[in-house]
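Computed from the coordinates by the stated procedures, all read-outs in this text should not be read as laboratory data. None of the values given here were measured: they were computed from a predicted structure. Reconstructed Cβ throughout: ideal geometry from the backbone, glycine too, with neighbour counts over all protein chains shown.
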Amino acid sequence: MDQARRALIVIDVQNEYTTGRLPIEYPDLGTSLANIGAAMDAAQRHQVPVVLVQETAPRGSPAFAKGSHGWQLHDQVAYRQHDHYVEKSLPSAFAGTDLMEWIGARGIDTVTLAGYMTHNGIASTAFAALHAGLAVEVLEDATGSVPYSNWAGSASARQIHETFMIVLQSRFAAVLPSAEWVRLLASGGRPERDSIVGSHQRARNACLSGAAA
């Protein structure tokens, strides 16, 4: 099996998600931050380029205002080595940035995503990467969500995170724990991927089995 030519993309690990207005609630923030740092360290050991992405909003914005404490990169990633920096103003790390050109120039065929939030920066970047012909990996314990409530309903951070992981694994990405990804870097393997049909059939079969019991 050919080895993946990866880049680790670390998305929006900023103070806004730790001590700011959007504190990550699930998975545990300390755990996800530690796993993000471990993934960056493993990438450096295995010569996988690292891209740091930073969300930016105009000064005076309620969150991520450029120059504010919430906008600044969290210490967990700020001091670690990276190979490229991207400043963005939309959820996807590809929208309005030079990231796709940078990836293409280096022959990268697989992007591994970590950071915040699961349902925003991670998901939108995964969708864009797949549509551009890249293989996508998402480190499920190196990202996280916040709860939402609006006219459409309410959902906990755990519900949002877990639902998006299931959806991503069904078609858009290979979802795996960060420790497993580190092992793949050493072995040269690729993670297991799934399909919409397979994911649906397993859920349907489980439902039918439960109804027959």
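The table below lists the values:
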| quantity | calculated |
| --- | --- |
| Answer residue from segment 42-85, given it is assigned to a strand (DSSP E or B) and of a type in the set (Gly, Ala, Ser) and is nearest to residue 20 (Cα to Cα) among those | 65 |
| Evaluation of residue 95 against (1) within 10 Å of the chain's Cα centre (by Cα); (2) under 24 Å from residue 66 (Cβ atoms) (one fails), failing number | (1) |
| Within segment 185-213, considering residues that are within 20 Å of residue 35 (Cβ to Cβ), assigned to a helix (DSSP H, G or I) and touching a residue at least 24 places away in the same chain (Cβ under 8 Å), the one farthest from the chain's Cα centre (by Cα) | 186 |
| Complete set of residues in segment 15-72 that are of a type in the set (Asp, Glu), surrounded by fewer than 18 Cβ atoms within 10 Å (Cβ to Cβ) and either under 24 Å from residue 184 (Cβ atoms) or within 15 Å of the chain's Cα centre (by Cα) (or both) | 28, 41 |
| Candidate set from segment 128-157 (those that are of a type in the set (S, T, N, Q) and in contact (Cβ under 8 Å) with a residue 40 or more places away in the chain); member that is nearest to residue 97 (Cα to Cα) | 143 |
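Here's the yes/no breakdown for (1) aromatic (Phe, Trp, Tyr); (2) farther than 15 Å from residue 92 by Cα:
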{"residue": "112", "(1), (2)": "no, no"}
{"residue": "116", "(1), (2)": "yes, no"}
{"residue": "119", "(1), (2)": "no, no"}
{"residue": "128", "(1), (2)": "no, no"}
{"residue": "154", "(1), (2)": "no, yes"}
{"residue": "165", "(1), (2)": "no, yes"}
